[in-house]
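Chemist: This is the structure, below, for whatever I ask next.
The values are calculated or read from the model by the stated rules, or taken from the named source; none is laboratory data. This is a predicted model, so every value here is computed, not measured. When we count neighbours, we look across all protein chains shown, and the Cβ atoms used for this are built from the backbone with ideal geometry, even at glycine. These area figures cover heavy atoms from the full protein model, side chains too; ligands, DNA and RNA do not enter into them. Shrake-Rupley method; radii C 1.70, N 1.55, O 1.52, S 1.80 Å.
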Number of protein chains: 2
Amino acid sequence: MEISRTRESDKSTSDAALAALTLARDDPQPLRIQLVNELKRLILQRILLPGAKLPASRPLAEELGVSRVTVVQAMDELIAEGYADGRRGSGVYVAPDLPDHTLKMPGVVAHHSPPLLSSLSLLSSPLRPGAPEVRLFPHETWARLMLRAWRVPAEGLLAAPDPAGWPPLRRALAAHLALFRGMALDPAQVIVTSGANEAVEIIAHTLLARGDGVLIEDPGYPSMWRTFGELGLRTHHVRVDEDGFNIAKPAGGARAALVTPSRHYPTGVTMPLARRLALIDWASHTDGWIIEDDYDSEYRYRGRPLPALTSLDESGRVIYLGSFSKTMLPGLRLGFLVVPRALVERFARTIAERGARASLMMQPVLQRFIAEGHYATHIRRMRRLYGRRQAALLAAIARHASGILEAAPEPAGMHLVSRLMNGIDDREAEARAAQAGIIASALSRYFAGEPARQGLLLGYAGFDEETIADAVARLAQALK
Amino acid sequence: MEISRTRESDKSTSDAALAALTLARDDPQPLRIQLVNELKRLILQRILLPGAKLPASRPLAEELGVSRVTVVQAMDELIAEGYADGRRGSGVYVAPDLPDHTLKMPGVVAHHSPPLLSSLSLLSSPLRPGAPEVRLFPHETWARLMLRAWRVPAEGLLAAPDPAGWPPLRRALAAHLALFRGMALDPAQVIVTSGANEAVEIIAHTLLARGDGVLIEDPGYPSMWRTFGELGLRTHHVRVDEDGFNIAKPAGGARAALVTPSRHYPTGVTMPLARRLALIDWASHTDGWIIEDDYDSEYRYRGRPLPALTSLDESGRVIYLGSFSKTMLPGLRLGFLVVPRALVERFARTIAERGARASLMMQPVLQRFIAEGHYATHIRRMRRLYGRRQAALLAAIARHASGILEAAPEPAGMHLVSRLMNGIDDREAEARAAQAGIIASALSRYFAGEPARQGLLLGYAGFDEETIADAVARLAQALK
C-alpha cells in the first residue's frame, strides 16, 4: 500500500509537471530542443523523479500541439544523453541514476560537505543579488565564435601567452572603454585578469607594501576586505554618507582608497563630481592610489553616467577595475585592470612574476564578441530587460509586501535595497527568507562596524517577472 | 631583375612547401579538412607568403591523389575564411593582409613596452623549457567539444558556479587519477584551480599561518619561492642530492614541504621509495603538510612511475598539485588540487571566500575531452613524439656541440639539463644563446643560494627535429 501510494503521488507530480510544459513558437530555438531542455530541467530539478515513466509520445505530442516526430526525437536525445532509459515496448523512463549533469556528488555530499551543497542549491534561488540573466545570453553566437577562434587557432594563441592578456582583446577593450566611458587609453594599459580579487592582489603587489593603510567604503564588499587583510594591508573603513565615500573624513596615512563612485556597492549612491575631484586631489597630493571599481556601470536605466575617475585623472593615480562576470556569464571569470601609462612596465613585471590566472581560451572569443558588436547589443537588451524587472520588483513589493518592505526606484544596477517596515532585524529577515528558498542578503552584513542601516538586498536582474512576483509574495509571507 | 628573382625564389619555396603536403587517408578527418588545415598552417607560418599564387586545382588534385572537387572546396573555404583571395580567371592567391592572427600591437609596443614585446618574441624561440607541442593538439576535436558544451549549455553551467570547480570535471579527474596514478579519491577532494601558483595560495590560506616555515627544494622553481614570500611564509631551501629532496637533513620547525618526487624540477631526479616513506613519516609525526607537485608525470618514456606520495599517504598529510598547461595548451590555465578527505570542507570555505579564479568555460570541455578518451590519446601521442625529440636533441648535441655541451638521456620530462664543457659560466651562456635567438635557461637561476652545479636547460618537447638540430648548431656556434 505504502509503495503504491508513493508511486501514485509521484505520478501525479510528473503529470502536473508535464502539463506545465510550454514551448514558445516564436522562439528561434527548434521545438525539439526546447522540449529536450524543458524535460532536462524537470529531471535535474527532481520534479520528474528517477525511474518515473514519461508520457507516451502520441498524447504528449497532442497536448503540446507538436508533431509526434518532434517528441520521439526529443525522447531519443534524452536517452542518448543518459537522462532517460527506453525499455523496449514499455515506454521511456527517467534514468534511475542520473548522468554527470547534476550538482550533487553521490557519496560526497552526504559524508563530507553538506554546507557546500546547501549553499550551492541556494545560489540559483530567486532574488539573489548579483545574478545576471543567463538564459537570454546569446549562447549560439558565443559558441560559434569559440569554434571560429579555436578550430584552427592563430599561432599567437598557441605559443606561451602574454600573461597580461591576449593583445587583440586588450585593443578591443581599450576601444570599448573609449566609446562607452570616455577613457583615452593605450591598449598596453589594459591588463586582463580573472576578476576583481586577483586584480586587487596584482595592485597590492605592484604598488603597496605590507602594513600600508587602505581606505575602504563602509558599507562595502566584505570579500575585498578579506583580500586586503590576506595581503597584510591595514584597512580603514570610512562610513559612506548620502553622497558616497568622502575623502575629507579619514585620518591621514592611507596609501590607497578602494571606491565604487559610479554606483556605491551595495547602497547604489552615486558620487558627485565635487567628491570625485576632491578624491583625485587627495591622491595627487599624498601620492596615494585610487582603485575605482566600476562593477556594473553598464546597467544605467535613466540619465547619463558621470565620467569615470580614470577619465578625470591627469596625475596617473587611478587604477580602474572592470568585470564581465556580471554583464555576461558568472563562470566566465574574465575582468580587467586599466593602469596609468607610467605604470605599464611595473604591472607587467608583477604579472610575469605571479603568472597569469585568466584563461586565454575565452579571450579571442570575447574579443570578437566585443569587436563584432554582440557585446553592445547584449548590454542594450539586458538594460531594457533589467529596467522592466526593477519595475516588476517595485510593483510586487507594493502589491504583496505593503507595510513589510519598502523600496524606491533606482536609476541603475541589478538589485534594490529594501527597508524592513515591521521592525524585524535584517539578519532574522535573511534567515526567514532563506527558509522560504529566497536569497535576500541582510544589508548589515556589508558593514564593517555597527550597521548604520538595516535592509534586504533584492536582486532582480536574473529572474523573470513572474518569478519576482512569486518570490516577493513568499518573502512577505515569511516576514509577516 | 631583383623583383623577378625574389618572386622566383618565393615561388620555388611555395612549390616545395606544397610538395611536402601529405594527407593521411586513415585519418578520420575528411581529406578536404586536412588539406584546408595544412594550407592554413603553411600560410600562418609564412611558408606560403602573402600574395603567393596557389597551384591550380587540377595539378594539385593529381599530385595529392584526391578528387578535384576536394581541392576546389578547400580553396573556397580558405577564401571564405580570408586566408586566400580568388581572382576571377587567374587563380587563387594567399591573402595580402592576413586576418587578426598576429601578436603585434600597433602604436603600443613602440612607445611604452619594448621589454614586453621582446620577452614575448623570445617565448616562442627554440629550446625554451616547458613549451609543449601545441601544433599537434587536436584543435578540431577540442573546438567541437566547446560547441557541444556551450551551444545549449546545461543549467548548472549558468547558475553561479561552484567555486571549487564543475562537479562532472572533478569526477572525471578523480577517475583519471585512479586509472593513471593509482589514487583512490572521492571527487569532492578534487578542486579545480587556474594553476600551481593559485593552488599554493589556497593551501597557504587554508593550512598555514603567516611566519610558518616551508621547506623548498634547492634548486627548485623560483616563481614558487616568490609566491611563498608574498604569503608571508619563511622558506627554508634544502639542497637536493642525487636522490632528490631529503627530509633527514632540514632543521626542525617547518610546517610544510613543497616537493617534486616524480621528477625533481629542474634536474629530473626521481625520489626513491624510501625517501618518500620517510617524508610521509615526517609529516605524520610533526603534523606537517606535504605539497606534491606532480607537474609532468605524464611524460615518462621508459620504466614505470613510482606511486604518487598521495597514494602512499594514509595519514591525510599530502596535498597533490596537477596541471594541464604543460600537457595540453599553455593558455588553458587549468590545474587542480587533491586534498585529503578530512580537509574538504576547510578548503571549500577558503575557496568560497577567495572566489574562483579558474574559468568555468573550459571545464565541461575538458571533462568530455578526458571522459571520451581524447586526453589519454593525446598524452600517448605526445609521449612517443617527445621521446623521439629527446633523442633528436641528444643526437644534435653529439653532432654539433661536441666539447661544448654534454647531456645524458632522461627517462621522462620535456627538457634536458646539459653541462657546459668549455668553462663558460651558465649565465654568460644563457645570454649568448638569447642573442642567437635561443632560450636556454641557466641552471644557476634555479638555485636559491650558491649554485652547486652549472648547466643549460634545453627544452625539446615543443620543437620539431629539424628546429632542434638547427638550434643546437646555432647554440654551439654562439658558445664557441
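Chemist: Taking square-rooted eigenvalues a ≥ b ≥ c of the alpha carbon gyration tensor, is the stretch B:251-355 rounded, prolate or oblate, where a/c under 1.5 means rounded and, failing that, a/b exceeding b/c means prolate?
Modeler: Values: a/c = 1.95, a/b = 1.05, b/c = 1.86.
Oblate shape, in that a/c is at least 1.5 and b/c is the bigger or equal ratio.
Chemist: Quick one: if the Förster radius is 41 Å, what FRET efficiency do residue A:315 and residue B:353 give, using the C-beta to C-beta distance and rounding to 0.05? Before the final figure, lay out the partial values.
Modeler: On the way: r = 35 Å, r/R0 = 0.84.
Rounded to the nearest 0.05, the efficiency is 0.75.
Chemist: Something else about it: In whole percent, and with a 1.4 Å probe on the protein chains, what portion of the accessible area of the stretch B:294-369 is carbon and sulfur?
Modeler: On the way: 1090 of 2360 Å².
Exposed carbon and sulfur together represent 46 percent of the surface.
Chemist: OK, next. Just the projected area, averaged over all directions, of the convex hull on the alpha carbon atoms of the protein assembly as shown: how many nm²?
Modeler: On the way: hull surface 182.2 nm².
Approximately 45.6 nm², given one-decimal rounding.
Chemist: OK, next. Tell me the label-point distance for the pair residue A:406, residue B:236, using the 7 Å Cα-to-Cβ offset, in nm and rounded to one decimal.
Modeler: Taking the two extended label points, one gets 6.4 nm.
Chemist: Just how far, in whole angstrom, is the stretch A:324-374 from the stretch A:430-476 if you go by their alpha carbon centroids?
Modeler: Between the Cα centre of the stretch A:430-476 and that of the stretch A:324-374, the gap is 32 Å.
Chemist: Would you mind pulling out the separation of the Cα centroids of the stretch B:191-241 and the stretch B:144-162, in Å?
Modeler: Between the Cα centre of the stretch B:191-241 and that of the stretch B:144-162, the gap is 34 Å.
Chemist: Which distances in nm, rounded to one decimal and ordered from shortest, link the label point of residue A:148 to the equivalent label points in the other identical copies, with labels set 7 Å from Cα toward Cβ?
Modeler: Once sorted, the set of distances for residue A:148 reads 2.4 nm.
Chemist: Next up: Kirkwood hydrodynamic radius, the stretch B:219-276, all distinct C-alpha pairs: what's the number in Å? It would help to have the intermediate numbers written out before the result.
Modeler: Numbers: mean 1/r = 0.0819 Å⁻¹.
Every distinct Cα pair counted, the radius reaches 12.2 Å.
Chemist: Can you tell me the dipole magnitude for the protein assembly as shown around its Cα centre, using point charges on the Cβ only (Lys, Arg +1; Asp, Glu -1), in Debye to the nearest 20?
Modeler: On the way: 114 positive and 104 negative charges, 192 e Å.
Roughly 920 debye for the protein assembly as shown.
Chemist: Summing both sides, how much accessible area is buried between B and A? Use a 1.4 Å probe and give Å² to the nearest 100.
Modeler: Working: alone 23350 and 23300 Å², together 39460 Å².
Adding both sides of the contact gives about 7200 Å².
Chemist: In whole Å, largest first, what are the principal axis extents of the Cα atoms in the stretch A:322-480?
Modeler: 57, 39, 27
Chemist: On to the next question. With labels modelled as points extended 7 Å from the Cα through the Cβ direction, what inter-label distance (nm, one decimal) is found for residue B:421 paired with residue A:136?
Modeler: Placing both labels 7 Å along Cα→Cβ, they lie 7.2 nm apart.
Chemist: How far apart, in nanometres, would the label points at residue A:371 and residue B:248 be if each is projected 7 angstrom from Cα along the Cα-to-Cβ direction?
Modeler: 6.0 nm
Chemist: Ok, one more. Taking the Cα centre of chain B as the origin and placing charges on Cβ (Lys, Arg +1; Asp, Glu -1), which of B:350, B:282, B:306 is farthest toward the positive end of the dipole?
Modeler: B:306
Chemist: I've got another one for you. For helix A:465-479, what angle does its Cα long axis make with the longest principal axis of chain A, in degrees from 0 to 90 and rounded to 10?
Modeler: 80 degrees
Chemist: Please give the per residue accessible area of chain B, computed with a probe of 1.4 Å over protein heavy atoms only, in Å². Could the numbers behind the result be given before it?
Modeler: Values: 19770 Å² over 480 residues.
So chain B comes to 41 Å² accessible per residue, rounded to a whole number.
Chemist: Defining the label point at 7 Å along Cα→Cβ, can you sort the distances from residue A:252 to the same site in each other copy, shortest first, in nm?
Modeler: For residue A:252, the other copies' label points sit at 4.9 nm, shortest first.
Chemist: When the Debye formula is applied to the Cα atoms of chain A, each taken as the same point scatterer, what base-10 log of I(q)/I(0) results at q = 0.12 Å⁻¹?
Modeler: -1.20
Chemist: Now for a separate question. Excluding the sites themselves, what is the longest stretch of chain A that contains no GluC sites (Glu not before Pro) in a DSSP loop with at most 10 other C-beta atoms within 10 Å? Show your work: numbers first, answer last.
Modeler: Values: sites that count: A:242, A:314.
With a cap of 10 other Cβ atoms within 10 Å, the longest stretch comes to A:1-241.
Chemist: Probe radius 1.4 Å, ligands and nucleic acids left out: which of A:426, A:241, B:281 has the largest accessible area, and how do the rest follow? Walk me through the intermediate numbers first.
Modeler: Numbers: A:426 0, A:241 40, B:281 80 Å².
Result of the area sort, largest leading: B:281, A:241, A:426.
Chemist: A further question follows. Can you list, shortest first and in nm, the gaps between the label point of residue A:421 and those of its counterparts in the other copies, using a point 7 Å from Cα in the C-beta direction?
Modeler: So the distances to the same position in the other copies read 9.0 nm.
Chemist: How many lysine pairs does the protein assembly as shown hold where the Cα atoms are under 22 Å apart and the two sit 8 or more places apart or on different chains?
Modeler: Details: A:11/A:40; A:11/A:53; A:40/A:53; A:40/A:104; B:11/B:40; B:11/B:53; B:40/B:53; B:40/B:104.
Taking the protein assembly as shown as the scope, the lysine pair count is 8.
Chemist: Figure the gain on full extension for residue B:453 and residue B:79 (residue separation times 0.36 nm, minus the Cα-Cα span) and round it to one decimal in nm. Could you put the intermediate results ahead of the total?
Modeler: On the way: separation 374, 0.36 × 374 = 134.64 nm, distance 5.47 nm.
Gain in length upon complete extension: 129.2 nm.
Chemist: What size of dipole, in debye to the nearest 20, comes out for chain B about its Cα centre when the only charges are +1 on Lys and Arg C-beta atoms and -1 on Asp and Glu C-beta atoms? List each step's numbers first, then the result.
Modeler: Numbers: 57 positive and 52 negative charges, 93 e Å.
So the dipole magnitude of chain B works out to roughly 440 debye.
Chemist: Helix A:114-123 versus the longest principal axis of chain A: what is the Cα-based angle in degrees, 0 to 90, to the nearest 10?
Modeler: 90 degrees
Chemist: Here is a follow-up. Compute the long axis of helix A:139-150 from its Cα atoms, compare it with the longest principal axis of the Cα atoms of chain A, and write down the angle in degrees, 0 to 90, nearest 10.
Modeler: The two axes meet at around 70 degrees.
Chemist: Among A:225, A:178, A:192, which residue has its Cα furthest toward the positive end of the charge dipole of chain A, with +1 on Lys/Arg Cβ and -1 on Asp/Glu Cβ?
Modeler: My answer, from the dipole projection, is A:178.
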